[in-house]
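Peer 1: What follows is a structure written as structure tokens; I'll ask about it next.
The values are calculated or read from the model by the stated rules, or taken from the named source; none is laboratory data. Every value quoted in this text rests on a predicted model; they were computed, and no experiment measured them. All Cβ positions, even for glycine, are placed from backbone atoms using ideal geometry, and neighbour counts span all protein chains on display.
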Amino acid sequence: MRKYIALLAGVAILFTACNNNDEPGNIISDPGSLNLVFENTVDGTPLAMAPVTYTNSSNETYTINELKYIISNITLIKTDNTEYIYPVENSYFLINEDGSKTANLSDIPADTYKGIKFGFGVDPTKYPIESGTLNFIPLAEEAGMLWTWSAGYKFLKFEGDFTDATNPDDVTPFLYHVGSHGANLDNYKEVTLTLNEFQISGENTMSKTIQFDVAKIFDSVHTLSLEEKNEIMVDPENAPKIAENTSTAFSIIE
Amino acid sequence: MKIAYYFILILFCWSCSSDASDGDATTPTDDDAMTVTNPLLDFTVPSNFPDATYSIAQNPPTEKGFELGKKLFYDGQLASDGVVSCGFCHIQSFSFTHHTHITSHGVDGQIGTRNAQPLHNLAFMNEFTWDGAATFLDTQPIIPITAEVEMNETVSNVLSKLSADDDYPTLFAEAFGSEGVSADRMFKALSQFMVMMVSANSKYDKWERGEAVTFTDQEHAGRAVFNTKCASCHAGTLQTDQSYRNNGLPIDPVYNDIGRERVTGLSTDNRKFKVPSLRNIEITFPYMHDGRLGTLEDVLDFYTDGMVDSPTLDDQFRRPDGTFGLDISPEEKVQLIAFLKTLTDNDFIEDRRFAEF
């Protein structure tokens with residue numbers, strides 16, 4: 001019975017919510033919007049796709065044909081260290097070098113914030129049971145970010161060609177597809193970034209640039225050589241290294 | 001105490017969008033909220049069962065959700081050829097498996113590499129498919145929908161077909177309380193249908209619950225053999241400890257199925273498959289992940305004489321003398337089969353709620 005009443009109340013709120021915008025005299029500032037713009041770079045310079053070449057620390061020269069990754073579970077940290085958890089069902093974003101690189105967040109409570117937390121990939125504890133997260137599937141599917149054979153997400157899709165220093169004419173494709181391995185291995189990573197204090201309010205849309213340093217995929221906590229392994233997908237040894245490296249690739253530009 | 005309550009689902013969307021400037025002539029003129037009652041279905045865990053693993057609270061089956069899930073399950077629109085529905089490979093009278101083919105057949109008669117699994121008691125499983133590739137029941141249907149050898153479709157395309165359909169938009173709204181055909185709702189409706197498929201009324205269940213049935217001497221003897229020789233893997237009421245193991249099947253060079261290794265990438269998981277529940281086993285032939293064994297006699301002959309060695313072969317099958325297999329006498333085989341047949345649940349396979357027609 002209690003649930004029944006709660007539901008009716010919920011419906012009632014929905015009805016009034018529809019009319020809310022007509023009502024004058026709001027007490028505090030309206031919620032605001034925040035655009036997170038992801039800027040893919042290599043060692044600090046904006047990324048360019050093939051034929052532009054880059055070199056990793058293993059002295060391998062590579063070009064990039066595809067770079068996509070999934071961002072999720074966005075949380076904003078207020079100056080008093082309390083957190084605003086962005087609605088999970090709306091917090092899944094595909095960042096595609098050849099497509100959208102922005103996560104548009106709206107309806108954020110007006111406040112002063114100083115940090116942001118987000119997930120690289122898809123959190124296995126939140127997926128897919130929490131309402132709405134399954135709605136990311138068609139988009140991920142169209143972008144080739146779904147391992148359809150296992151009904152799991154690819155967190156990172158990074159592909160291109162490379163040559164090593166000793167064999168400059170021998171161009172070989174490389175492919176990194178990283179996701180979780182069923183319930184066996186979780187490659188989801190949480191990233192926390194600290195920002196200068198900023199204000200969210202209904203008056204203007206805030207924009208923040210998050211740099212993603214592609215070079216770190218190869219060289220960060222771990223060093224990955226393409227010559228050693230140029231195809232990494234369900235690889236319990238290397239996939240976690242890539243996930244760990246990737247989680248260090250994000251930084252704030254202010 | 002059982003709480004019976006109702007969702008009052010109110011389609012309120014028009015009242016919200018009435019200020020929008022769509023002068024569509026077909027916009028309903030009646031602004032009154034339309035009310036549909038959508039009772040929750042009674043999902044009860046049988047008293048001899050373990051707790052459900054599926055989060056019923058997050059996706060409680062309702063009458064309309066179940067009906068929608070059932071329609072989707074039997075609808076060829078989920079496949080690229082408009083014909084191969086889930087029910088094409090999962091046939092109720094065989095406890096939702098497929099008989100006429102050893103491995104499954106999909107769109108354009110394409111042949112899969114694995115034997116369609118029965119669908120029953122899914123609400124109690126941790127992972128799905130023979131290698132546990134799917135970690136959630138809600139997402140499992142992505143696999144058949146998109147597999148070339150199964151339904152050969154895309155989720156996006158299925159959603160466009162459903163949105164353009166005459167009936168689905170209304171059915172989605174009735175099931176979920178507001179307008180909208182979405183992936184989330186489609187998968188949840190399918191889960192609501194599948195979660196309700198509880199098979200718990202076999203002779204064995206009744207015996208376990210102390211209801212008025214008696215096991216024959218053979219059935220009793222078979223149960224005792226089962227408990228000593230099989231129940232270490234086929235454990236508990238559902239006859240599975242839900243682990244992945246190599247039971248010594250010779251590798252089939254055509255499929256070269258690496259089993260659980262596909263999911264984990266670990267060579268220690270090579271050729272391991274999920275220990276299957278043996279419920280309704282009498283009617284879910286052919287047996288094993290690739291359906292290579294036709295009868296229960298074949299299965300038991302395999303367990304005694306058909307195994308081959310490989311690095312991941314389960315230790316339980318290694319005999320002290322260096323050979324492999326289980327020691328089961330011909331008499332024990334007859335007893336075992338008698339016991340296995342007590343796992344058949346005719347109420348389930350005849351349950352009209354799940355029937356296509």
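So that you can scan it fast, the table gives a plain yes or no per residue for (1) in contact with a Cys (Cβ under 7 Å, 6 or more places away or on another chain); (2) not hydroxyl-bearing (Ser, Thr, Tyr); (3) not in a strand (DSSP E or B):
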residue	(1), (2), (3)
A:Ala140	no, yes, yes
A:Gly144	no, yes, yes
A:Gly160	no, yes, no
A:Pro173	no, yes, no
A:Thr192	no, no, no
A:Leu195	no, yes, no
A:Ile200	no, yes, no
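Peer 1: Can you tell me which of (1) surrounded by fewer than 18 Cβ atoms within 10 Å (Cβ to Cβ); (2) more than 10 Å from every other protein chain (Cβ to nearest Cβ) is the one B:Tyr168 doesn't meet?
Peer 2: (1)
Peer 1: Could you say whether any residue in region A:165-172 is buried (at least 17 other Cβ atoms within 10 Å of the Cβ) and either within 22 Å of the chain's Cα centre (by Cα) or more than 14 Å from chain B (Cβ to nearest Cβ) (or both)?
Peer 2: No, the conditions are met nowhere in region A:165-172.
Peer 1: Among (1) in contact with a Ser or Thr (Cβ under 9 Å, 6 or more places away or on another chain); (2) within 11 Å of chain A (Cβ to nearest Cβ), there is one condition B:Tyr204 misses while meeting the rest; what is its number?
Peer 2: Going through (1) in contact with a Ser or Thr (Cβ under 9 Å, 6 or more places away or on another chain); (2) within 11 Å of chain A (Cβ to nearest Cβ) one by one, B:Tyr204 breaks only (2).
Peer 1: Of the conditions (1) part of a loop (DSSP other than H, G, I, E, B); (2) among the β-branched types (Val, Ile, Thr); (3) within 14 Å of chain B (Cβ to nearest Cβ), A:Val178 satisfies every one except a single condition; which number is it?
Peer 2: Going through the list (1) part of a loop (DSSP other than H, G, I, E, B); (2) among the β-branched types (Val, Ile, Thr); (3) within 14 Å of chain B (Cβ to nearest Cβ), A:Val178 breaks only (1).
Peer 1: In addition: Could you look through region A:132-160, keep only residues that are facing chain B (nearest Cβ under 7 Å) and touching a residue at least 24 places away in the same chain (Cβ under 8 Å), and pick out the one that is farthest from A:Ile232 (Cα to Cα)?
Peer 2: Result: A:Gly132.
Peer 1: Tell me which residues, restricted to region A:74-124, are more than 30 Å from A:Met49 (Cα to Cα), touching a residue at least 40 places away in the same chain (Cβ under 8 Å) and in a strand (DSSP E or B).
Peer 2: A:Thr75, A:Leu76, A:Ile77, A:Ser106, A:Asp107, A:Ile108, A:Asp111, A:Thr112, A:Tyr113, A:Lys114, A:Gly115
Peer 1: Considering only region B:67-171, give the helices (runs of 4 or more DSSP H) lying wholly within it that have at least 1 residues that are out of contact with any helix residue (DSSP H, G or I) (no Cβ under 8 Å at 6 or more places or on another chain) and at pLDDT 95 or above.
Peer 2: Qualifying helices (runs of 4 or more DSSP H): B:142-146, B:155-164.
Peer 1: Can you tell me which residue in region A:182-200 is nearest to the other protein chains (Cβ to nearest Cβ), limited to those that are crowded, with 17+ Cβ neighbours inside 10 Å and of a type in the set (S, T, N, Q)?
Peer 2: Only one residue fits best here, namely A:Asn184.
Peer 1: For region B:331-357, which positions are in a loop (DSSP other than H, G, I, E, B) and within 17 Å of the chain's Cα centre (by Cα)?
Peer 2: Those that are in a loop (DSSP other than H, G, I, E, B) and within 17 Å of the chain's Cα centre (by Cα): B:Thr344, B:Asp345, B:Glu350, B:Asp351, B:Ala355, B:Glu356.
Peer 1: Of a type in the set (D, E, K, R), within 14 Å of chain B (Cβ to nearest Cβ), closer than 16 Å to A:Val178 by Cβ and buried (at least 16 other Cβ atoms within 10 Å of the Cβ): is that true of A:Lys216 in this structure?
Peer 2: Here the answer is no, as A:Lys216 does not meet what is asked.
Peer 1: Would you check which residues across region A:205-249 are in a strand (DSSP E or B), under 21 Å from A:Thr192 (Cβ atoms) and of a type in the set (S, T, N, Q) and list them?
Peer 2: Once the filter is applied, which keeps residues that are in a strand (DSSP E or B), under 21 Å from A:Thr192 (Cβ atoms) and of a type in the set (S, T, N, Q), region A:205-249 yields A:Ser207, A:Thr209, A:Gln211.
Peer 1: Only one of B:Ser310, B:Ser329, B:Ser277 is of a type in the set (Gly, Ala, Ser) and within 23 Å of B:Asn126 (Cβ to Cβ). Can you tell me which?
Peer 2: The unique qualifying residue is B:Ser277.
Peer 1: Only residues that are of a type in the set (Ser, Thr, Tyr) and assigned to a helix (DSSP H, G or I): list them for region B:192-230, please.
Peer 2: Pass one, region B:192-230, residues of a type in the set (Ser, Thr, Tyr): B:199, B:202, B:204, B:214, B:216, B:228.
Within region B:192-230, B:Tyr204, B:Thr228 qualify.
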